[in-house]
Structures are given as C-alpha cells and as structure tokens.
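Worksheet for the structure shown next.
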Amino acid sequence: MYAKTMGIINMIKNIEFAIFKNQIGSDGMEATLEEKRVLTGNEAISRGFYEAGGTVAASYPGSPTVEILEKLKEYDEVYSEFSTNEKVALEVAIGGSFYGARSMASMKHVGLNIASDPLMTFTQTPINGGFVLVSGDDPGLASSQNEQDNRIFGKFANMGILDPSDGQEAKDFTKNALEISEEFSVPMMLRITSRLCHSRSVVEIGERQEIKPKGINEEREKFCMIPPGSRKAQFFMKERLQKLEEYAYDTELNKLEIKEGTDTLVITSGLVYYNLKELNPDVSIWKLGLIYPISEKKAKEITRKFKKVIILEEMQPFIENELTLMGISCEGKKYFDFTGELDIKNIYEGLDKADVLIKEKKEFDNRFVETVPRAPLFCTGCPHRPTFDILKKSKAKIVIGDIGCYSLAALFPFEQSNTIISMGATIGITKGIRKAMSLHGENEPLVSVIGDGTFFHSGLPTFVNLLHKKKDDENITIIVLDNGTTAMTGGQPNASSGLYNERDDMKVGIKSLLDAMGFDRVKEINQYDYKAAAKLFKEEIAYEGLSIIVANGPCALKYNIEESYYYVDPNICINCRACIKTNCPPLRMVKYDGIEKLKSSIDKDMCVGCSVCAQVCPVDAIKSSKNIDREDEKIDN
C-alpha cells in the first residue's frame, strides 16, 4: 500500500500534459503542440524567469521560497546561487541588473529586513536590466518568527507590486514584472505567500526568450547614489510611479468580474481569490494582480457603481488603506482577521457578518483533519541532539538561541533556549545580557548558541563586536554548531560545506576564522563524542571569561549518515530512560516477552548509528550491531 501511495504521489508531482490543439485556418487544419505541467508556485516563478530571458538569480534559503533557486539550478542559461545572506543575494542581483541583464533576488519575508539597506537605495536608480524581487510572505507563520506583510515594504521602497493567485499567474507575473521593470524603469516586487509557493496547478510552458544584456549605463549621476544624484532621484521615483499608476488603469493584470443584480463589490488579490470563488457569493469581484500602485481613477470608476465595497486580503489592510486614502468608502478588516490565512470558512464567516448572500448555505467541519499530534524534533542522528542534552544537564541556566534547526531546542524535552529573535541575533543579545548582569554584580554563566549557516549569514559582524570592550572576567560560552549545511531549509550549502564534501567550493574553517579575528580561546569538539563534549562544555561554562566551542558533526540527513545500527539488550537495561531522554526518534519503551517492566528499544530501520544513546547508557545495555550475528540480537520491535 505504501509503495502504491507513493507511486500515485510521484505521478501527480511529475505529471506533464501534452495537449494537441486543432487550429483551423485558411490553409486547413493544423496541429500544434502545447505543453502543460503541474508546477508549484515556486517552480512556476523559476520557469517564468527562465522563459523571460533571466540571466542572474540569487537567494538565501528561507521557507517558503527555497525551491525557486533550487529549480533555477536546472537551467544552464541562468547563473544562480545561494548567497551567504539576503543582502548579498540582493546585491548580486542588483549587479546583474546594472549590467543590463534581467535579474531576480528571492527570499522569505524577513530576509528583506536583511536586504533592506541596499534595496532602499537601489530603488532610487533607473533600471538597466529588468529586476524582480520575490518576497515569500507567510500568513499564519507556518515557518517564520513573525508575520510581516511585505506589501507595505514594497510601497515603502517605491516598488511596483504584483500578487499572483495561482501557478500560472506566478509564472506569467514573473515575466510581466521584468517587462514592466524595463518599460517604466522601476524595480518590481513579486509578492507570493507560503500556500501558493507550495500548492500545485497546471501551468502552460513556453520557450525561452533570449535577452542580451545592454552593458553598464555610464550615466554615473543616476547610479552613484550620493547627494547630487540621490536628490534628483526622489523626483524620478515619484514620476515613474505616476506612470505605473497610469498603466494600472487598464492593465489586464487586474480583472473585473461583474455579477448582475448585486450591489456589493469584493476587491481581492492572491490565492484568497480562489477561496472566494469557491463560495460563489452574490458579489461582483475586482481581482487585482498589480496591487501597487492602484489606479485611483479606475478604482473610483468601478467602486462608485456599488453600494458596498468589501476588501478581502490576508494580514494587514494594505489594499483597504490604499483605497481609503483615495476617499473610497470600503470595509475589510471589520469582517476578516488581521492574522493568519483566510480559508473558505474564514471568508464565509466574514461575508456572513457583512450580510452578503451566499446562495448555497455551506456547513463546515473542522478546518483541519484530526491527526495524531507530532511535535517537531531533531532528525534521527542529528549531531545537535547530544549538545542540547549536555546543556540541559549542565549548570547553564541562561541559553540564548538563534534561527536554525537548533531552534527546536527551545521546545520539550530540551527547553534550552531562553530567547530566539532573528538570524545572528544571539551574539549581540548575549553581550547585552552579560553587560547588564555585570553592572549588577551577577556572575551567572551565560551560553549562546549559533549555527554555521547563521554564523556566515550574519554572525561575523557580531563576533567582531564581541572583541569591543571585552572583559576577562565576564563568563560567556558561545557554541557554534557546525554541521556543514543550511539544514533547516533542505541542506543548501554554506561557507563551511566544502570541508564536509567535494561538491561545494567554499571551505572556510570556522575555528581558523575566529582565531584570525583575535579570539584567544577557541576549541573544537566532535558533537557525537558525548563524553568528550560533556567534559569540554563543563570546563568552558565554568571558565571565567569568553570562550568559544566549535561543535562539529555532519548533518545526518544531508550527508546520509548510516553506520551500523544499535540495539538494546533488555536483560541488561535498568529502565532508567537515560537514552529515551536524548529524544532520538528510533528510541521508545516497549514490553519484552518474559520481562515485567518496560525496557528501552531501538527501531533498527530508523537508527543511523550515531551511538549517542549507547554513550549515555550507564550500564552498557545498548550495543552496536556491527560485530554480532544478526540471529543473536535480543531485540523485539
């Protein structure tokens, strides 16, 4: 059954349609081939960029937009890279655009915070090669620390904003964005949400359009953003947005659907448009594809024909506020929540509050199917598990966390992060806590944890800052978790990955880098060596001063770690649950034949042989299967 189910899933995932259309003309019947594929929103954006003649694409991996660049790697005509952070990714794409090549930067919504410094100045310059910034917003916080609405950021940065509703529009709008960018010399934002990024729809596939880069524009005053040029750029930004608003008046990116006999208009955009259509309410619909700028002239022409205007949008009242500023009477957040996704039930309830007639009354069950709860946890064999098991048993009462796989350590059963804010924030926060503690005579050991991807993303400046006003008697222990990959988003490479494999071309040693910065107490340890790691952690946490531990260990999932599995001898096991407390998925308590008490057990099909459970067992009841006769295993799973 499992194989059959997976076969169906893979078939749906990879299905491609070849549809022959018969076209009858003066020369008779002609058959043409039109290819269609089932693509995710992310895949559709990649395809759109490719077909539009895109040349340079850069990103930093962050859900929900990771797949965009992963798919672009399949196209040899496009240079694509996962950069060290979103700021660098944006700058790489800006460079491509400056040379006249169509370019794209993609990132999750909070990544734009990192990239905002160059963005806010780049948007003052003319566009030499079409430029699109893909922002993956996350209504409902499916994989994010906040619910930031980057439509507001796009307006703040004087960008045009497109908001696709399905995969076909995601592809088409990517192409439209590059064309509009060049026509109006404006940087464009393609705003897409998590559900659309990952949902699938049928998308028409076209050929690539080759666009030759124009080369550097030598009008220095327009591209060197120092006061003489940037003062003039303020008027340039205003003028091009005015022209884009004129374009918005009759653009086909916006669609008006009139329903006879109704005095209610719903204005919406994005994926929620289809949720609205599913209900078939008694309303007319103005679906916006270009959500900024909105043509004031067009908006007033349309809305004056209706008694009631309702704005349906997720998160902040962006469209509602834009229309309100135009003097248009409308309501939105009065009926719909400001946070989370708006599914069919939410929309139904909101329209019901607004006294909008829905011809077929719908009964809704629970929005989510009841399933067995599954708490998020570290993967089997994850090298970070022993680190947090050791920290839990240590005397460190304050542990400052960061963004990455190790964020899971904040949850049960480890509960070893007091704060988690943003990429790389742990080091600065730790310093601030330490200085506040020192001023009040408090000497509690302070531990900070940061991953290798985050270290290279935004940790380097914060480490340098640690050297400023450093005191020898301030107890700070920083643990850099180096598993050789950006694991949380699917195993993309980072600057240390080349030390773990031959495929990746960056081989930056974290310890060497910290030594070169001037830190005088930097030590390395293998995270899988539990006893040695526990001894080192104890020593460094007790040290009165600043110490750094680089805790190495390859990501078991990324590098397919699979040593001989371990098993439990129930006759030796004392039921202490020391192994269970490491929270490794293959471990559980079971009832063995002839033994009254529950004893620990290991699912051999899940075990990758990391050996941590065997190292924490106080009675050596857990053994490797490496040198035993399989028939002699005392295991009952």
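The values are calculated or read from the model by the stated rules, or taken from the named source; none is laboratory data. Because the structure is a prediction, the values reported are computed rather than measured. Here Cβ is always computed from backbone atoms with ideal geometry, including for glycine, and neighbour counts include all displayed protein chains. Surface areas here come from the heavy atoms of the whole protein model, side chains and all, with no ligands, DNA or RNA. Shrake-Rupley method; radii C 1.70, N 1.55, O 1.52, S 1.80 Å.
Things to note:
- Residue-by-residue Karplus 3J(HN,Hα) for the range 274-289, coefficients 6.51, -1.76, 1.60, Hz, glycine and proline x: 6, 5, 5, 4, 4, 7, 6, x, 7, 9, 8, 10, 10, 8, 8, x
- Label zone at His198 (point 7 Å along Cα-to-Cβ), backbone N below 12 Å, the range 559-592: none
- Relative contact order (%) - the chain, alpha-carbon pairs under 8 angstrom, separation at least six: 9 percent
- Under the combined filter of DSSP loop state and at most 14 neighbouring Cβ atoms within 10 Å, the range 210-290 retains these GluC sites (Glu not before Pro): Glu210, Glu218, Glu219, Glu252, Glu260.
- Between the beta carbons of Lys523 and Glu210, assuming R0 = 60 Å, the FRET efficiency works out to 0.65 to the nearest 0.05.
- Label-point gap, in nm, between Lys469 and Tyr249 - each point 7 angstrom along Cα→Cβ: 5.8 nm
- Entry note, the chain: the mean residue ellipticity at 222 nm calculated from DSSP H runs of n ≥ 4, each adding -39500 (n - 2.57), is -9500 deg cm²/dmol after division by the residues and rounding to the nearest 500.
- The phi-based Karplus calculation (6.51 cos²θ - 1.76 cosθ + 1.60; θ = phi - 60°) puts the 3J(HN,Hα) values of the range 36-49 at 10, 9, 8, 10, 6, x, 4, 4, 5, 4, 4, 5, x, 5 Hz, whole numbers, x for Gly and Pro.
- Gain on full extension, evaluated as 0.36 nm per residue between Asp76 and Lys397 minus their Cα-Cα distance, stands at 110.4 nm.
- Global form of the range 213-266, assessed from the alpha-carbon gyration tensor, a/c cut-off 1.5: prolate
- Virtual spin-label span in nm between Ile574 and Ile226, 7 Å along Cα→Cβ: 7.4 nm
- Of Lys395/Lys431; Lys71/Lys212; Lys171/Lys334; Lys73/Lys171; Lys511/Lys581; Lys155/Lys300, those spanning more than 24 Å from alpha-carbon to alpha-carbon: Lys171/Lys334; Lys511/Lys581
- Gain in span if fully extended, Ala532 to Met606, counting 0.36 nm per residue against the direct Cα distance: 24.1 nm
- Computed from Cα positions, the angle between helix 530-542 and the longest principal axis of the chain comes to roughly 80 degrees.
- Rounded to the nearest 10 degrees, the angle from helix 425-439 to the longest Cα principal axis of the chain is 60 degrees.
- Share of carbon and sulfur in the accessible area of the chain stands at 52%, probe radius 1.4 Å.
- Sparse-neighbour loop sites [trypsin sites (Lys or Arg not before Pro); the range 309-400; at most 15 other C-beta within 10 Å; DSSP]: Lys333, Lys334, Lys359, Lys361, Lys362, Arg367, Arg374, Lys395, Lys397
- Rg in Å to one decimal, and Dmax rounded to a whole Å, for the chain via C-alpha atoms: 28.3, 92
- Around Pro386: net Lys/Arg minus Asp/Glu count, Cβ-Cβ under 11 Å: +2
- Taking Cα atoms only, the orientation of helix 227-248 departs from the longest principal axis of the chain by about 60 degrees.
- Legend: calculated FRET efficiency, Ser422 to Asp593, from the Cβ-Cβ distance at R0 = 51 Å, rounded to 0.05, equals 0.45.
- Point-to-point label distance, Asn146-Ser116, nm (Cα→Cβ direction, 7 Å offset): 0.7 nm
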